[in-house]
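Following: one structure in C-alpha cells, then a few remarks.
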Amino acid sequence: MVRDLSISLSPEEAADKEKMKMRAAKKLGVRIGDIKALRIQRKSIDARRKDVKINITLSVFIGEEAPPAFTPVSFPDVHHAKRSAVVVGFGPAGIFASLTLLENGIRPVVLERGLDVHSRLKDTAHFSRTGELNSESNYAFGEGGAGAFSDGKLYTRSLKRGNVRKVLSLLVQHGADEEILYESHPHIGSDRLPYIIENMRNTIISHGGEVLFGKKVTGLIRRHDETVGITTSDGCEYMGPVILATGHSAKDVYYFLSASGFSLEAKSTAAGVRLEHRQSLIDSIQYHSDSGRGPYLPAASYSFVTQVNGRGVYSFCMCPGGVIVPASSEDGHMVVNGMSPHSRGGRFANSGMIVELRKEELEDTDPFAMLRYIESIEQKCFNPGFAAPAERLDDFIAHKCSSSFPETSFPRPLVPVVMDDVFPPLIAESLREGFKAFDRMTRSRFITRDALIIAPETRTSSPVRILRDVAMKQGRGLYPAGEGAGYAGGIVSAAIDGTEAALRLGGDYAY
Ligand SMILES: Cc1cc2nc3c(=O)[nH]c(=O)nc-3n(C[C@H](O)[C@H](O)[C@H](O)COP(=O)(O)OP(=O)(O)OC[C@H]3O[C@@H](n4cnc5c(N)ncnc54)[C@H](O)[C@@H]3O)c2cc1C
C-alpha cells in the first residue's frame, strides 16, 4: 500500500531519514517496521519565521518496495537511420534537441563551435587567472553552452510549456542527484554539470549520433526556400534540416540569418550588476538568526523584486555560496555572471541585480537596436585584462567612488568607478532606488559596507528574437531554438524549447 502525506519537520529531523520514518509512522498510525520505503515528492523550506521548517510531501510504501523514481529513456541505435538532422550548438537546447531526435530514431549531427567541456574547464580557468580570452572556448561557448558552467539552478516558470519532469529525469539518468526531482528549487552545481553533459554526449555518440567540436557554423544552405544544410568556417558542409540552438552570445548567427532574409526583431531584456554579500549575512537575514544557518540548513538564497517608476528591478540567478565569474565571449566586451558548486559552501552570495529594458523605449527600431544598447554597456565597462568596474554598495548609494574593496570571489582585478559613469542614468538610478527598497525589505541589512557591485550583468536574456512563425512561412528546414532564438531563458526552458524543436522537425520530416 502507498500512502501520501505532508509533514513539517525541523531542519535536523528532515536531514535524518529514520526520524522522518518515525514521524510518518506516527502520523499514519502504522508500525515503523512495516514502512519499506519513503519517497520524497516535494521538499521546500519555510523560512518565514525564526522557527524554520522543512515542508515535505512523502509517498510512504507500507509492506511493499518503492518502484524506481523514474523510467529511464531507452534510446534506439541510429547508426544506420534513414533520417538525420543537423543540430547547431550543444548548450541545453542543442543537447535536449539531440536526445529527442535520437529517441525518435533521427540521427543527430551536432556542430559545436567551442571545445569539449573538459578543455573548456581549462580555458575558463586560464581566462579567470590571466585575463587572456579564448573567443571560441569560454563561459558562453563550448560543450554544454552557457549551461555548462552555470549554477545549474533548474527552477523554471515554463511548467505549462513542456515536460519539465522529463528534462529533470534525463539529467538524473545521466548522473544528476535524484533530489532534483523533488526539491522545490532544484540545483545541480557548476562542479557536477560537466560530467553530466559528457554523459549525455556519450549517449548520443554510442547510439550512432555525432558530436563535432571546433565547428563554427557560418551560413545556411538554402534550396528553393528550404534550408537543407549549413556551412562551417573550415569550409565543410553538413546536409539535413537544421536545429539552430546557438544561444544569445552568438551575435554572428543573428547577422548571417538577417543577411539570409530571415526576420528578426529587437527584444526586451534586462541589465545591471552582480551584487556580492557575505553568505553569513544572507543566512542571518533569511533565517532570522544571528548565529547563521547551523549544520542542517542550506546556504540561504533570496529573490527580490520591486518597481521603480513603473520599471521592474529585481534579483536574478542568485548563487548562494557561489562565485562571480568573468563571462565575456569577445574581446573589448566586459560581462560578469555567477555560479555555485553543488555544496554551495562558499563564503559569498552573489546575484544579478537587474533593471527591465523595454524595446519600445529604444530610439532605433531595427532588430539589432537592443543588442547595440547592451553592447555599448559591455564596451564601456571593458578594461584591459578584463578588469571589472566595481563599487561598494553603500558608496554607490552615496554616489561615491570606492577607495578600497571588500574581499571578493571575483578572480579578475577590480577598477573603482562610479556606476553612473558606466551605465545609462535609467539603469543606474533604477538600481539605486531598487537597492534602497530591498534594504527596507530586510530591515536595513542589505546595504552594507561589505557588499560589492561588479559590472555589467548583461547576458540575462536575448536582446534579439528570431521570428519563428515567419521563418516557417519562409520555407521549411530551419528550427531556431533555445535562448538565442529568444524563446527561452534558463537551462530548463532552453531544454524544453530544444525538445519541442526536435519534435516539430520529426513531424515535418516523417518520411
Ligand atoms: C555563468 C552562468 C550561470 C548561469 N546560471 C544559470 C542557472 O543557474 N540556471 C539557469 O536556468 N540558467 C543559468 N544560466 C543561463 C543558461 O545557461 C542559459 O539560459 C542556457 O544555457 C541557454 O541554453 P541554450 O542552449 O539556448 O544556449 P547556450 O547555452 O548559450 O548554448 C549555445 C551553444 O551554441 C554554440 N554556438 C554558438 N554559435 C555557434 C555557431 N555559429 N556554430 C556552432 N556552435 C555555436 C555555443 O558555443 C554554445 O555551446 C547561466 C548562464 C551563465 C553564463
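Please report, ordered by residue number, the strands (runs of 3 or more DSSP E) entirely within segment 221-269 with at least 1 residues that are within 11 Å of the ligand (Cβ to nearest atom) and β-branched (Val, Ile, Thr).
On the way: elements: 226-232, 237-239, 242-244, 264-266.
Those strands (runs of 3 or more DSSP E) span 226-232, 242-244.
Which residue is farthest from Ile56 (Cα to Cα), if the candidates are limited to segment 179-215 and must be among the aliphatic types (A, V, I, L, M) and assigned to a helix (DSSP H, G or I)? Lay out the reasoning, then the answer.
First pass over segment 179-215, keeping only residues among the aliphatic types (A, V, I, L, M): 180-181, 188, 193, 196-197, 200, 204-205, 211-212.
Add one more test, that the residue is assigned to a helix (DSSP H, G or I), and what stays is 180-181, 193, 196-197, 200, 204-205.
Working: Ile180: 14, Leu181: 13, Leu193: 26, Ile196: 27, Ile197: 30, Met200: 31, Ile204: 36, Ile205: 39 Å.
My answer is Ile205.
Name the one entry in Asp420, Asp439, Asp469 that is in contact with a His (Cβ under 8 Å, 6 or more places away or on another chain) and either in the same structural domain as Ile397 (by TED's automatic domain parsing) or surrounded by fewer than 16 Cβ atoms within 10 Å (Cβ to Cβ) (or both). Break it down into steps so the answer makes sense when it comes.
Values: Asp439 fails: in contact with a His (Cβ under 8 Å, 6 or more places away or on another chain); Asp469 fails: in contact with a His (Cβ under 8 Å, 6 or more places away or on another chain).
Just one listed residue meets the conditions, Asp420.
Tell me yes or no: at least one residue of segment 436-454 is within 16 Å of the ligand (Cβ to nearest atom) and touching a strand residue (DSSP E or B) at 6+ places or on another chain (Cβ under 7 Å). For segment 436-454, residues within 16 Å of the ligand (Cβ to nearest atom) and touching a strand residue (DSSP E or B) at 6+ places or on another chain (Cβ under 7 Å): present. Selection over segment 325-344 of residues that are over 14 Å from the mean Cα position of the chain (by Cα) and more than 20 Å from Ile196 (Cβ to Cβ) gives a count of 9.
Given Ser289, Ser280, Ser315, which one is in a loop (DSSP other than H, G, I, E, B) and not basic (Lys, Arg)?
On the way: Ser280 fails: in a loop (DSSP other than H, G, I, E, B); Ser315 fails: in a loop (DSSP other than H, G, I, E, B).
Every option except Ser289 fails the conditions.
Among the acidic types (Asp, Glu), modelled with pLDDT of 90 or more and buried (at least 20 other Cβ atoms within 10 Å of the Cβ), is that true of Asp123?
Details: among the acidic types (Asp, Glu): yes; modelled with pLDDT of 90 or more: yes; buried (at least 20 other Cβ atoms within 10 Å of the Cβ): yes.
For Asp123, the condition - among the acidic types (Asp, Glu), modelled with pLDDT of 90 or more and buried (at least 20 other Cβ atoms within 10 Å of the Cβ) - is met.
Given the conditions (1) at pLDDT below 95; (2) in contact with a Ser or Thr (Cβ under 8 Å, 6 or more places away or on another chain); (3) of a type in the set (Ser, Thr, Tyr), report the number of the one that Ser315 does not fulfil. The failed condition is (1). Scoring Arg372 on the criteria (1) free of Cβ contacts under 8 Å to residues at least 24 places away in the same chain; (2) assigned to a loop (DSSP other than H, G, I, E, B) leaves a single failure, condition (2).
Scanning segment 83-102 for residues that are part of a strand (DSSP E or B) and more than 7 Å from the ligand (Cβ to nearest atom) turns up Ser84, Ala85, Val86, Val87.
In segment 173-220, what residues are away from the ligand (no atom under 14 Å from the Cβ), within 30 Å of Leu257 (Cα to Cα) and crowded, with 19+ Cβ neighbours inside 10 Å? Once the filter is applied, which keeps residues that are away from the ligand (no atom under 14 Å from the Cβ), within 30 Å of Leu257 (Cα to Cα) and crowded, with 19+ Cβ neighbours inside 10 Å, segment 173-220 yields Ile204, Gly209.
The values are calculated or read from the model by the stated rules, or taken from the named source; none is laboratory data. Here the structure is a predicted model, which is why all the values come from computation and not from measurement. We place every Cβ from the backbone using ideal geometry, glycine too, and count neighbours over all the protein chains shown.
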